[in-house]
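The block underneath contains the structure these notes are about, expressed in structure tokens.
The values are calculated or read from the model by the stated rules, or taken from the named source; none is laboratory data. Predicted model, so just to flag it, every value in this text is computed and none were measured. Quick reminder, even Gly has a Cβ in these numbers, built from the backbone with ideal geometry, and neighbours come from all protein chains shown.
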Amino acid sequence: MKKGVVQVMGKFEILDHPLIQHKLTIIRNEHCGTREFRQVVNEIAELMAYEVSRDMPLEDVEVQTPVQVTTAKQLAGKKVVIVPILRAGLGMVDGILELIPAAKVGHVGMYRDEETLQPHEYFVKMPEDLENREMIVVDPMLATGGSAIMAVDALKKRGAKTIKFVCLVAAPEGVKALREAHPDIDVYSAALDDHLNEDGYIVPGLGDAGDRLFGTK
Ligand code: PRP
Ligand code: URA
């Protein structure tokens, strides 16, 4: 960081709305099948988008109602880009688009080496002009944090300045690593779980989010 530049620390927030918590319990259940899992992940993402967009700036605009002209509010901030980390992040996109239909969607392809747990980037496709957009990176799972950190690196490298990260289940290890690597971004999760096991899975977690969303093993 340049001398004299004040670093504003992003926040870490658990979104504990009762509907989000109830739906998260549904998908944690090992008997929740692919179809229901997919649907409920999108429902949670939509509810989370409502909370995550709470700080979007507004501006006054004149509108002619059928009765008279009045001053009302409209969104004034940066245009939103939703960025799913492939594959599992795809499961959250439609839910957020329900609330923010004009958002663009960029993709970051990332897989975790099962042995080393290190992420590998295999695809990045973004809209132009990231500097003037608000990026919402989505991935159901924040485990070691490696994938999230690399995804945010990829966006910053392409000019992004305003970035939020939204997940469903986070491990303390991942939250710490992400906030150390990128202290400027806001991080939102529906739950903060206990720990990572020796295979890098979140405990209690919900298993492999990609496999559960897409019915693979
Ligand atoms: C999962 C998950 C995250 C990542 C989290 O993806 O969707 O992207 O692991 O782990 P980390 O915090 O330790 O990096 P995975 O690599 O299994 O790929 P997939 O989505 O294609 O199944
Ligand atoms: N990725 C998943 O899908 N689940 C975990 O518990 C950890 C990483």
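Side notes on the structure shown:
- Condition check for His107 on (1) within 15 Å of ligand 1 (Cβ to nearest atom); (2) buried (at least 20 other Cβ atoms within 10 Å of the Cβ); (3) not basic (Lys, Arg): one failure, at (2).
- Pairs, first at negative phi in region 130-144, second within 8 Å of ligand 2 (Cβ to nearest atom) and modelled with pLDDT under 95, C-beta under 9 Å, six or more apart: Ala143/Arg112; Thr144/Arg112
- Filtered residues of region 171-217 (kept if under 17 Å from Arg87 (Cα atoms) and among the acidic types (Asp, Glu)): Asp208, Asp211
- Test: residue in region 174-186 that is in a strand (DSSP E or B) and away from ligand 1 (no atom under 13 Å from the Cβ): yes
- Scanning region 139-153 for residues that are more than 10 Å from ligand 1 (Cβ to nearest atom) and under 24 Å from Tyr50 (Cα atoms) yields a total of 1.
- Scoring Ser53 on the criteria (1) surrounded by 17 or more Cβ atoms within 10 Å (Cβ to Cβ); (2) among the polar types (S, T, N, Q); (3) within 22 Å of Asp211 (Cβ to Cβ) leaves a single failure, condition (3).
- When region 97-114 is limited to residues that are assigned to a loop (DSSP other than H, G, I, E, B) and in contact with a strand residue (DSSP E or B) (Cβ under 6 Å, 6 or more places away or on another chain), the one that is nearest to ligand 2 (Cβ to nearest atom) turns out to be Gly106.
- Every residue from region 70-91 that is part of a strand (DSSP E or B) and exposed (fewer than 14 other Cβ atoms within 10 Å of the Cβ): Thr70, Thr71, Ala72, Lys73, Gln74
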